[in-house]
Amino acid sequence: MTDATEQADDVPTPERSLRIPVMQRVLDNPFLLLFIGVTVPTVFYILWGLIELTQIPIAN
Amino acid sequence: MAIAEAETQIIGGIAAKFRTCPASGLKIDLAAERLIKANAVASIVFLAIGGLFGLLVALTRWQTVHILPADMFYLALTAHGLDVLLVWIIFFEMAVLYFCSAVLLNCRLATPKLGWVAFVLMIAGAVLANVAVLQGNSSVMFTSYVPMKADPNFYLGIILFAVGALIGCFMFLGTLVIAKDEKTYEGSIPLVTFGALTACIIAIFSIAAGAIILLPTWLWSLGYISHIDTVMYKLVWWAMGHGTQQVNVAAHVAIWYAVAAILLGAKPLSEKVSRTAFLLYILFLQLASAHHLLVEPGLSEEWQIFNTSYAIYLAVLGSMIHGMTVTGAVEAAQRRNGYTRGAFEWLRKAPWGNPAFAGMFLSLIMFGFLGGISGVVLGTEQLNIMLHNTIYVPGHFHATVVAGTTLAFMALTYLVLPLIFQKQVVWPKLARLQPYIFAVGVAGISLFMMGAGTLGVARRHWDIGFADAPMSFSYPAAAHLMLALNGIFAVIASIGGILFVLIAVGTVLWGKPVTAENIVESLGPMPKKQVTDAVSTYGNAGTWHLPGTYILVAVFFLSFVLYYFVNWKYLSEIWPLS
């Protein structure tokens, strides 16, 4: 990357100054949070647990 | 200006009537207000019913009193669990969701008519389940583990209640969309609303899981399904059973922030950090359900340890962040209000005579020291083996759900009565004492149940004297003493609970009207300043000079470490390795 390009990168543009950090966009999106909040326990608690239970051999 | 004056606004083609709160300046949608009132009243009715059954349970476990016969004991235990662990808290949480969305975001509530459908479903479900229990053929306790079979109406009642609560959760999300579309707030939603969103998300997962497992169980009770796998039932049921208690945690943390903001003008130390702590709840808190399954065969150690240790410690980190930031926010606000001498003038001069503040702060302390520390002990797989299914478990969750959640909900009620019901609290001197009486009672209940559990006393056991059992067993005298003290403190907690119900009902029925002139004094003693907009806007306290908070946090960590290692010591004595 040239110095000129680096200098151009340092110049704040209106778009850049208005850019909202990724983490804040995640926290500001209730439906994304809802998706995460349902998926994580469904996968790690319910599905993983059910998979283990289905592998218990049936008693004779 | 009379507070009840209302104006109609047509937004997006939909008419809504608002009044303006003279204390905060917030516009309050009257449709939301009516739903908040209805859900709050219903919650208190079921708290009274469930609390009465709880007292009977505690007096039965006090061996000298032993008030109920065995069949009535299990009936009372079922009704107690159902009414206080599910019905009271979720009705109140519906009120919290409507308050934190429509009121705090200054907008109309989404689909208020659907809110009444939800309310009717919840009432019908709660009544149906209670009637099934009181008829005596559904004494399966709150967990209703299969193959114990309850009356079909018991399951149907809980399913109807769950569907109603789910509708309320989606109305909350719809209201967030309306507020964003109508630009009733700037930037991010305020922290208290974000906490309510966290509670809503956990509620959707938990309640849906409950409905999913109880639907086939209902069909099984009707004879349409021949078999429900017992461990599978436990696995999915606990997603609701423990998940709903995590809804409480998120809701009461949001209430801590709200009460501190309304009474003291407290802003969080860092909105970003507090919101990240709520994100940790959204990601990991619900996995704590696994601690109920730590002795189940068939579930691997990897599943158990991941869900109860690695993941849940991140949620515990979230709770510790909230514990520090709420305390810190109170200290920062008090120092700004002029209480700057020494490390603790801000705490000594806090409005301890205001039941909302006293309830909130006692809830914060007791949740952290009693409920939080014991929760980590129970969630540690190795330590859990000592305490699993002992009365230590209800000791722990009385510290979280009763000392933490119920006390926080009581605290908020003292603000909801003047702000939403527009009534001045009756019997203010009794109201000042009420949180302390209840807190002393609940602290005793929690500590003595945990003490008895450490001595091996089983939970859900009608008679530890084994009077009619073919084989006898003698618990140490200290265990009997612990259960007696539990009974005495249950009486004290009941006095606090009865006072709360009487004050709330008395205020709704006979409280003097709140006017623009007396609204601030109606909120109770607080620093001499107007209520700020701290609760409904984004922003930080702007200081980290908090010596008192740092000392309290150090005391907490010291207690945590000591208690944790004391339990490892107990384990080494029970389970010698040499």
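The values are calculated or read from the model by the stated rules, or taken from the named source; none is laboratory data. The structure presented is a predicted model; accordingly, all values stated were derived computationally and were not measured. Ideal geometry is used to build each Cβ from the backbone, glycine not excepted, and the neighbour counts take in all protein chains shown. Keep in mind that these areas ignore ligands, DNA and RNA; they rest on the heavy atoms of the full protein, side chains included. Shrake-Rupley method; radii C 1.70, N 1.55, O 1.52, S 1.80 Å.
Scanning region B:111-137 for residues that are over 20 Å from the mean Cα position of the chain (by Cα) and open to solvent by 10 Å² or more (accessible area, probe 1.4 Å) yields a count of 17.
Can you tell which of B:VAL402, B:VAL442, B:VAL416 is open to solvent by less than 10 Å² (accessible area, probe 1.4 Å) and either under 22 Å from the mean Cα position of the chain (by Cα) or modelled with pLDDT of 95 or more (or both)?
Details: B:VAL402 fails: open to solvent by less than 10 Å² (accessible area, probe 1.4 Å); B:VAL416 fails: open to solvent by less than 10 Å² (accessible area, probe 1.4 Å).
Matching residue, one of B:VAL402, B:VAL442, B:VAL416: B:VAL442.
For region B:293-311, a residue qualifies if it is open to solvent by less than 20 Å² (accessible area, probe 1.4 Å), within 12 Å of another protein chain (Cβ to nearest Cβ) and part of a helix (DSSP H, G or I), and the qualifying residues are B:LEU293, B:TRP303, B:GLN304, B:ASN307, B:THR308, B:ALA311.
Is it the case, given these coordinates, that B:GLY168 is open to solvent by less than 10 Å² (accessible area, probe 1.4 Å), more than 18 Å from B:ALA79 (Cβ to Cβ) and in contact with a Phe, Trp or Tyr (Cβ under 7 Å, 6 or more places away or on another chain)? When the stated conditions are applied, B:GLY168 does not pass them. Kindly establish whether B:LEU314 is of a type in the set (A, V, I, L, M, F, W, C), in a helix (DSSP H, G or I) and closer than 29 Å to B:TYR233 by Cβ. Judged against the criteria, B:LEU314 is a match. With respect to the conditions (1) among the small types (Gly, Ala, Ser); (2) touching a Leu at 6+ places or on another chain (Cβ under 6 Å); (3) more than 7 Å from chain A (Cβ to nearest Cβ); (4) farther than 22 Å from B:ILE204 by Cα, B:GLY323 lacks only one, and its number is (2). Of all residues in region B:329-336, none are open to solvent by 30 Å² or more (accessible area, probe 1.4 Å), away from chain A (no Cβ under 14 Å), more than 20 Å from B:ALA199 (Cβ to Cβ) and outside any helix (DSSP H, G or I).
Quick one: would you say A:ILE56 is over 20 Å from B:LEU283 (Cα atoms) and either touching a Ser or Thr at 6+ places or on another chain (Cβ under 6 Å) or facing another protein chain (nearest Cβ under 9 Å) (or both)? So A:ILE56 passes the test. Looking only at region B:173-213, residues that are in contact with a Lys or Arg (Cβ under 8 Å, 6 or more places away or on another chain) and of a type in the set (Phe, Trp, Tyr) come to 1 in all.
Looking at the structure I just gave you, is B:TYR155 more than 14 Å from chain A (Cβ to nearest Cβ), out of contact with any Asp or Glu (no Cβ under 9 Å at 6 or more places or on another chain) and open to solvent by 20 Å² or more (accessible area, probe 1.4 Å)? So B:TYR155 fails the test. Take the conditions within 23 Å of the chain's Cα centre (by Cα) and within 18 Å of B:TRP116 (Cα to Cα) and apply them to B:GLY168. Does it pass? So B:GLY168 fits the description; yes. Scanning for something farther than 20 Å from B:ALA199 by Cβ, among the aromatic types (Phe, Trp, Tyr) and open to solvent by 10 Å² or more (accessible area, probe 1.4 Å), does region B:48-58 turn up at least one residue? Yes: region B:48-58 contains one or more residues that are farther than 20 Å from B:ALA199 by Cβ, among the aromatic types (Phe, Trp, Tyr) and open to solvent by 10 Å² or more (accessible area, probe 1.4 Å). Say whether the condition of being over 24 Å from B:VAL249 (Cβ atoms) and either open to solvent by 10 Å² or more (accessible area, probe 1.4 Å) or not in a loop (DSSP other than H, G, I, E, B) (or both) is met by at least one residue in region B:85-100. Taking every residue of region B:85-100 in turn, none turns out to be over 24 Å from B:VAL249 (Cβ atoms) and either open to solvent by 10 Å² or more (accessible area, probe 1.4 Å) or not in a loop (DSSP other than H, G, I, E, B) (or both). I'm checking my understanding of the structure. Among residues of region B:343-379 that are free of Cβ contacts under 8 Å to residues at least 40 places away in the same chain and surrounded by fewer than 22 Cβ atoms within 10 Å (Cβ to Cβ), which one is nearest to B:GLN245 (Cα to Cα)? Within region B:343-379, the match that is nearest to B:GLN245 (Cα to Cα) is B:ILE365. Considering region B:178-194, the residues that are touching a residue at least 60 places away in the same chain (Cβ under 8 Å) and in a helix (DSSP H, G or I) include one that is nearest to the other protein chains (Cβ to nearest Cβ), namely B:PHE194. Inspect region A:26-35 for any residue being at pLDDT below 95, surrounded by 10 or more Cβ atoms within 10 Å (Cβ to Cβ) and within 7 Å of chain B (Cβ to nearest Cβ) and give the result as yes or no. Yes, region A:26-35 has at least one match. Just one of the listed residues (B:LEU263, B:LEU197, B:LEU214, B:LEU279) is assigned to a helix (DSSP H, G or I), at pLDDT 95 or above and away from chain A (no Cβ under 12 Å), and it is B:LEU214. For region B:19-29, residues that are without any contact (Cβ under 8 Å) to a residue 60 or more places away in the chain and under 26 Å from the mean Cα position of the chain (by Cα) total 0. Close contacts from region A:28-53, counting a first residue that is under 20 Å from B:ASN307 (Cβ atoms) and a second that is β-branched (Val, Ile, Thr) and open to solvent by less than 50 Å² (accessible area, probe 1.4 Å), with Cβ to Cβ under 7 Å and a gap of 6+ residues or different chains, come to A:ILE36/B:ILE282; A:GLY37/B:ILE201; A:GLY37/B:ILE202; A:GLY37/B:ILE282; A:VAL38/B:ILE204; A:ILE46/B:VAL236; A:LEU53/B:VAL231.
Taking the options B:ILE420, B:ILE492, B:ILE464, B:ILE488, name whichever one is among the aliphatic types (A, V, I, L, M), in contact with a helix residue (DSSP H, G or I) (Cβ under 6 Å, 6 or more places away or on another chain) and within 22 Å of B:HIS80 (Cα to Cα). None of the other options fit; the residue is B:ILE492.
Of all the listed residues (B:GLN286, B:GLN246), the sole one being in a helix (DSSP H, G or I) and open to solvent by 10 Å² or more (accessible area, probe 1.4 Å) is B:GLN246.
In this structure, does B:LEU314 turn out to be modelled with pLDDT under 90 and either over 24 Å from B:THR390 (Cα atoms) or more than 14 Å from every other protein chain (Cβ to nearest Cβ) (or both)? So B:LEU314 passes the test.
Inside region B:217-232, can you point out the residues that are within 14 Å of another protein chain (Cβ to nearest Cβ), among the hydrophobic types (A, V, I, L, M, F, W, C) and not in a helix (DSSP H, G or I)?
Our first condition is that a residue be within 14 Å of another protein chain (Cβ to nearest Cβ); within region B:217-232, this holds for B:227-232.
If we keep only those that are among the hydrophobic types (A, V, I, L, M, F, W, C) too, we end up with B:228, B:231-232.
Of everything in region B:217-232, just one residue is within 14 Å of another protein chain (Cβ to nearest Cβ), among the hydrophobic types (A, V, I, L, M, F, W, C) and not in a helix (DSSP H, G or I), namely B:ILE228.
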